[in-house]
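Q: Could you have a look at this structure, given as structure tokens, before my questions?
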Amino acid sequence: MLFVIWQKILNIQAYVGEILRDDETLLWHGQSRTDFVFVPYDLIWVPIGLFSLISAAIIALSSKDIVFALMSVGPLVLLATIVFARFSMDLYKRKNTHYLVTDKRIAIKSNTLLDRAVRSVEYSPDFEMTPIDGPKNSTTIYFGPTNSVWDFFCPPNYPLADVYQPPAFAFLDNAVAVMDLINDARRKLCPTR
């Protein structure tokens, strides 16, 4: 148990060490919730996917023609992958994304197979933060202008979302404390605000 905790601390220090600049001080480090999260977008696609999946299964099982039944297997596998992979992709991405607040900027470090980037936003007088309440008493903090209609349907960095979204700390349980910390750091760096 102690070894597992020590390993997690070393992993966090490795992430932080890659991101921090020499003249920065780390104020906060965190991650999203790592449990299943349903968003309004799922109210549309999951029932459609499940209906299609069940329809394809019924066609495959009730068909007397073996060729026709085998032709239903491809769509069946594809639909099952789409419906269930959405949740596993989302969990994987949130588990491997780290959020940092420093005295000069916020940073988001993704460490997934397809995305190994660091997105950061420097504090400035026109620095914009927008909190949006999410599922399970969590809050997402957007850093920049948001599209409120799109935000309602998809969380930031949503798998399969092909719309620009500003950097965001997604599904935080302690968003108010993080926003207060960011505002304090911004006031110290940009005293005119």
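Q: LEU78 is checked against (1) without any contact (Cβ under 8 Å) to a residue 40 or more places away in the chain; (2) open to solvent by less than 30 Å² (accessible area, probe 1.4 Å) and fails just one. What number does that condition carry?
A: (2)
Q: Condition test on LEU53, is it surrounded by 15 or more Cβ atoms within 10 Å (Cβ to Cβ) and either of a type in the set (D, E, K, R) or in a helix (DSSP H, G or I) (or both)?
A: On the way: surrounded by 15 or more Cβ atoms within 10 Å (Cβ to Cβ): yes; either of a type in the set (D, E, K, R) or in a helix (DSSP H, G or I) (or both): yes.
Yes: the conditions hold for LEU53.
Q: Suppose we keep only residues that are part of a loop (DSSP other than H, G, I, E, B) and modelled with pLDDT of 80 or more within the range 105-120. Which one would you say is surrounded by the most Cβ atoms within 10 Å (Cβ to Cβ)?
A: So, considering only residues that are part of a loop (DSSP other than H, G, I, E, B) and modelled with pLDDT of 80 or more, the one surrounded by the most Cβ atoms within 10 Å (Cβ to Cβ) is ASN111.
Q: Residues in the range 162-185 that are open to solvent by 30 Å² or more (accessible area, probe 1.4 Å) and modelled with pLDDT under 85: how many?
A: Number of matching residues: 3.
Q: For the range 87-104, what are the residues that are closer than 15 Å to ALA170 by Cβ and assigned to a strand (DSSP E or B)?
A: If the condition is that a residue be closer than 15 Å to ALA170 by Cβ and assigned to a strand (DSSP E or B), then THR97, HIS98, TYR99, LEU100, VAL101 are the ones that fit.
Q: Here's a follow-up. Mind listing just one residue for me: the one in the range 1-52 that is among the polar types (S, T, N, Q) and modelled with pLDDT under 70 and, of those, farthest from the chain's Cα centre (by Cα)?
A: GLN7
Q: Could you check the range 29-50 and list, in sequence order, the residues that are buried (at least 16 other Cβ atoms within 10 Å of the Cβ) and of a type in the set (D, E, K, R)?
A: Passing the criteria: ARG33, ASP42.
Q: Please state which of the following conditions PRO125 fails to meet, knowing it meets all the rest: (1) surrounded by 14 or more Cβ atoms within 10 Å (Cβ to Cβ); (2) more than 22 Å from ASP22 (Cα to Cα); (3) in contact (Cβ under 8 Å) with a residue 24 or more places away in the chain.
A: (1)
The values are calculated or read from the model by the stated rules, or taken from the named source; none is laboratory data. Computed from a predicted model, the values in this text were never measured in an experiment. No Cβ is skipped: glycine too gets one built from the backbone with ideal geometry, and neighbour counts run over all protein chains shown. Note: areas computed on protein heavy atoms with side chains; ligands, DNA, RNA excluded. Shrake-Rupley method; radii C 1.70, N 1.55, O 1.52, S 1.80 Å.
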